[in-house]
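This report concerns only the one structure given below.
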Amino acid sequence: MLYGVFSDVHSNFQALEKVLETFKKNNIENFICCGDIVGYGPQPGECLKAIMALKNLTIVPGNHDAVVCGKMDAKWFNPSALLAIRIVNEELSGAMLGYLASLPDFVENEEFSLVHGSPKKHLTEYLINEEQFLNNLEFWKSAVCFIGHSHLPMYFQYREGGVFKDGITVGQKIIMDKTARYIFNPGSVGQPRDGNPLSSCAIYDSDNKSFQILRIAYDREKTQQLMKEKKMPQPLIDRLRFGL
Ligand SMILES: [Fe+2]
């Protein structure tokens, strides 16, 4: 089965639209979302509407989603992230907030596990190094776990005698070893932070056991313009240009 895997949309509807179009072109009908639909960007309502309309979607909330729906305290947020949320929060309906509040922080099924931060600390850990990966192995059972949060497309592999970590370059297809366990991060749709401003997402093939990152161009200037019109913090507008 083919899955479209995506994360950290962060209210960037222009980017989400292109990502969903790309999944459609690739005949993908199953979706995995690793959280953070809202926060930072100008169109949280549009993003939520599109995501809530997806069939065959497995989804967990991110820390921004949890703050917006009142499940998590905003005290760890930096001032610009907080301001961005305050500016656009009012656009969300009660049904949208209820949807975010209803999502489980951690999903584990026969195919895969799914969490925003890490299996150990669902909403808060940025899992970016081998030591963290090893410390998380006992907190999930399946062969594959999908995460988001760091906005960095990368993967970890564990098998007897060794751990391997790597970033994933554009178009690179990771062919999985059937005896190993993996954590995959598809990168960020709406606010990439690996120096590449293109949207990041991935295709997971559960039959042939592969994971491939795609980078997708979108109308970044339109997103930036909307942010400007809504008087969102300038650093959040500027960073989209650099992918940082
Ligand atoms: Fe995020």
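A few notes on this one:
- Going from the fewest other Cβ atoms within 10 Å to the most, the residues Thr58, Thr179 appear in the order Thr179, Thr58.
- For region 168-244, the relative contact order works out to 35 percent when only alpha carbon pairs closer than 8 Å and six or more residues apart are counted.
- Net charge contributed by nearby residues that have their C-beta within less than 13 Å of Asn196 (K/R +1, D/E -1): +4
- Per-peptide average of other Cβ atoms within 10 Å, ordering 169-178, 146-155, 233-242 highest first: 146-155, 233-242, 169-178
- Fraction of antiparallel bridges per DSSP, region 23-158 only, in percent to nearest 5: 40
- Dipole in debye (nearest 20) - the chain, about Cα centre, beta carbon charges: Lys, Arg +1; Asp, Glu -1: 440
- Kirkwood-type hydrodynamic radius, region 105-244: 16.0 Å, calculated from all non-identical alpha-carbon pairs.
- Of the residues Val115, Val19, Val144, the one that moves most in a GNM of the chain with alpha-carbon contacts below 10 Å is Val144.
- Once both labels are positioned 7 Å from their Cα atoms along Cα-to-Cβ, the gap between Asp177 and Leu134 label points is 1.6 nm.
- Mean projected area (nm²) of the alpha-carbon convex hull when the chain is viewed from all directions: 11.9
- Mean separation of Cα pairs under 8 Å and 6 or more residues apart, divided by the residue count, gives the chain a relative contact order of 23 percent.
- Beta bridges assigned by DSSP with both partners in the chain are antiparallel in approximately 70 percent of cases.
- Under 13 Å, Cβ to Cβ, from Met96 - net charge with Lys/Arg +1 and Asp/Glu -1: -3
- Net charge of neighbours whose Cβ lies under 12 Å from the Cβ of Asp65, counting Lys and Arg as +1 and Asp and Glu as -1: -2
- The chain: most fluctuating residue of Asn12, Asn89, Asn78 per GNM, C-alpha cutoff 10 Å: Asn78
- Residue-span extension gain [Met1 to Lys49] - 0.36 nm each, minus C-alpha spacing: 14.8 nm
- Residues of region 28-54 with amide N under 13 Å of a point placed 7 Å along Cα→Cβ from Ser80: 40-41
- Packing rank of 95-104, 33-42, where each peptide gets the mean count of other beta carbons within 10 Å, highest leading: 33-42, 95-104
Each value in this text was obtained by applying a stated rule to the coordinates, not by laboratory testing. Owing to the predicted nature of the structure, the values given are computational and were not obtained by experimental measurement. As a convention, Cβ positions derive from the backbone with ideal geometry for all residues, glycine included, and neighbour counts pool all protein chains shown.
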